[in-house]
Amino acid sequence: MAHKTTSDTDSDLSAGLYIIATPIGNIEDITLRALSVLGKVDAIACEDTRVSGKLTSYYDIPAQKVPYHDHNADEIRPRLIAMLKEGKRVALISDAGMPLISDPGYKLVSQCASENIPMTCIPGPTASLTALVLSGLPTDKFMFAGFLPPKSAARRTALSEIKAVPATLVFYETGPRLLDSLQDMQAVLGDRPAAVARELTKKFEEVRRGPLSELVARYKEEEDPRGEIVVIVGAPVAGQAEDWTEQAIDKLLLEMMEAKNMSVKDASAFVAAKSGLKKRDVYQRALILNQKNR
Ligand code: SAM
């Protein structure tokens with residue numbers, strides 16, 4: 001059965017959840033429809049009432065704000081659901097951009113979907129797409145990878161898991177971690193074309209484009225950049241994925257196990273990280289090769 005959606009074309013806004021995108025920097029980046037709906041809802045669920053307070057006072061939006069963030073979501077979600085079931089109109093916004101995109105809201109939306117509570121999304125800015133379209137890299141196929149883990153070992157594992165994805169990659173990053181992340185990207189993904197988009201829609205907006213090696217060299221010479229950052233990395237170059245044929249995998253596994261004396265487990269972990277293939281698949285292949293060579 002199709003889920004119900006809300007309608008706000010009438011002067012009276014219908015009941016339901018309104019997922020509303022808000023600016024990622026420039027306060028004027030908000031749609032007329034978003035302002036109209038925010039002006040009519042009964043409550044606004046937002047991450048930080050102080051941050052959203054700037055928006056609501058700029059646009060004279062009177063609705064009551066309900067804090068809804070990672071630390072209180074389990075407690076507040078039932079209250080929001082109860083309000084929606086009573087026929088209230090509730091807006092969901094985040095500190096910036098599109099709610100649910102590296103921001104709270106997924107569980108609320110998922111519950112509304114499963115309970116057939118009417119909802120709609122009022123689209124608008126998101127740093128991910130703004131950076132992607134400015135990057136100069138292909139936009140026909142892309143993967144949003146969100147934030148990478150803060151520690152290098154986990155970050156490299158996460159990167160190796162998506163290494164073979166044939167699409168432009170979009171990452172959220174912070175200034176203090178940018179250089180380490182770019183270095184790990186170069187080590188695991190290879191020297192692909194990339195872009196660093198910083199402070200989008202704000203006064204000091206900047207986009208740097210170049211191979212990962214060049215970006216690493218530039219950021220090494222400077223202090224950690226300030227502000228908010230998106231990193232865009234090109235897809236694997238044609239032929240790179242095919243280089244990891246069965247023969248190439250076998251050759252490297254044998255080399256690691258025989259010449260380097262690695263265990264089946266270590267050799268398969270090494271080859272999985274290098275090739276981007278699944279650890280379990282490489283491990284199965286390593287077991288077979290090890291058996292054959294006994
Ligand atoms: N929901 C937001 C969206 O739709 O883009 C993302 C929220 S996430 C918690 C915050 C991250 O988004 C930042 O660390 C940064 O990576 C990215 N970001 C947000 N605003 C940005 C901006 N103006 N310029 C560059 N990156 C931005």
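Taking each residue of the stretch 71-99 that is of a type in the set (Ser, Thr, Tyr) and looking for partners that are part of a strand (DSSP E or B) and away from the ligand (no atom under 16 Å from the Cβ) with beta-carbon atoms closer than 6 Å, six or more apart or interchain, yields nothing.
Taken over the stretch 182-210, residues that are farther than 21 Å from residue 158 by Cβ and away from the ligand (no atom under 16 Å from the Cβ) amount to 1. Residues that are at pLDDT 85 or above, within 30 Å of residue 179 (Cβ to Cβ) and in contact with a helix residue (DSSP H, G or I) (Cβ under 9 Å, 6 or more places away or on another chain) within the stretch 228-251 comprise 228, 229, 230, 231, 232, 233, 234, 236, listed in sequence order.
Considering only the stretch 120-133, I want to know if a residue exists there that is among the β-branched types (Val, Ile, Thr), modelled with pLDDT of 95 or more, touching a Leu at 6+ places or on another chain (Cβ under 7 Å) and more than 16 Å from the ligand (Cβ to nearest atom). Steps first, please.
In the first step, residues of the stretch 120-133 are kept if they are among the β-branched types (Val, Ile, Thr); the result is 120, 122, 126, 130, 133.
Those still in the list that are modelled with pLDDT of 95 or more too: 120, 122, 126, 130, 133.
Those still in the list that are touching a Leu at 6+ places or on another chain (Cβ under 7 Å) too: 130.
Adding the requirement that they be more than 16 Å from the ligand (Cβ to nearest atom) leaves none.
No, every residue in the stretch 120-133 fails to be among the β-branched types (Val, Ile, Thr), modelled with pLDDT of 95 or more, touching a Leu at 6+ places or on another chain (Cβ under 7 Å) and more than 16 Å from the ligand (Cβ to nearest atom).
Before we move on, is residue 189 under 16 Å from the mean Cα position of the chain (by Cα) and in the same structural domain as residue 210 (by TED's automatic domain parsing)? The answer is no for residue 189. Restricting the first member to the stretch 32-55 and to residues that are in contact (Cβ under 8 Å) with a residue 12 or more places away in the chain and over 20 Å from residue 77 (Cβ atoms), and the second to residues that are of a type in the set (S, T, N, Q) and assigned to a strand (DSSP E or B), the beta-carbon pairs closer than 7 Å and six or more apart or on different chains are 55/22.
Does the stretch 100-111 include one or more residues that are within 15 Å of the ligand (Cβ to nearest atom), without any contact (Cβ under 8 Å) to a residue 12 or more places away in the chain and assigned by TED's automatic domain parsing to the domain that holds residue 51? The answer is yes, given that some residue of the stretch 100-111 is within 15 Å of the ligand (Cβ to nearest atom), without any contact (Cβ under 8 Å) to a residue 12 or more places away in the chain and assigned by TED's automatic domain parsing to the domain that holds residue 51.
Checked against (1) free of Cβ contacts under 8 Å to residues at least 60 places away in the same chain; (2) surrounded by 13 or more Cβ atoms within 10 Å (Cβ to Cβ); (3) farther than 24 Å from residue 38 by Cα; (4) under 15 Å from the mean Cα position of the chain (by Cα), residue 129 passes all but condition (3). Against the numbered list (1) within 10 Å of the ligand (Cβ to nearest atom); (2) farther than 30 Å from residue 270 by Cβ; (3) touching a strand residue (DSSP E or B) at 6+ places or on another chain (Cβ under 6 Å), residue 95 comes up short only at (3). Take the conditions (1) in contact (Cβ under 8 Å) with a residue 40 or more places away in the chain; (2) within 16 Å of the ligand (Cβ to nearest atom); (3) in contact with a strand residue (DSSP E or B) (Cβ under 8 Å, 6 or more places away or on another chain); residue 179 misses just one of them, which is (3).
Could you name every one of the helices (runs of 4 or more DSSP H) located completely within the stretch 202-294 that has at least 1 residues being assigned by TED's automatic domain parsing to the domain that holds residue 180 and within 21 Å of the chain's Cα centre (by Cα)?
Values: elements: 212-220, 246-254, 264-275, 279-292.
Of the helices (runs of 4 or more DSSP H) lying wholly inside the stretch 202-294, those with at least 1 residues that are assigned by TED's automatic domain parsing to the domain that holds residue 180 and within 21 Å of the chain's Cα centre (by Cα) span 212-220.
When residue 160 is tested against (1) more than 16 Å from the ligand (Cβ to nearest atom); (2) of a type in the set (S, T, N, Q); (3) surrounded by fewer than 17 Cβ atoms within 10 Å (Cβ to Cβ), exactly one condition is not met: (3).
The values are calculated or read from the model by the stated rules, or taken from the named source; none is laboratory data. Keep in mind it's a predicted model, so treat the numbers as computed, not measured. Virtual Cβ from ideal backbone geometry, glycine too; neighbours counted across all protein chains shown.
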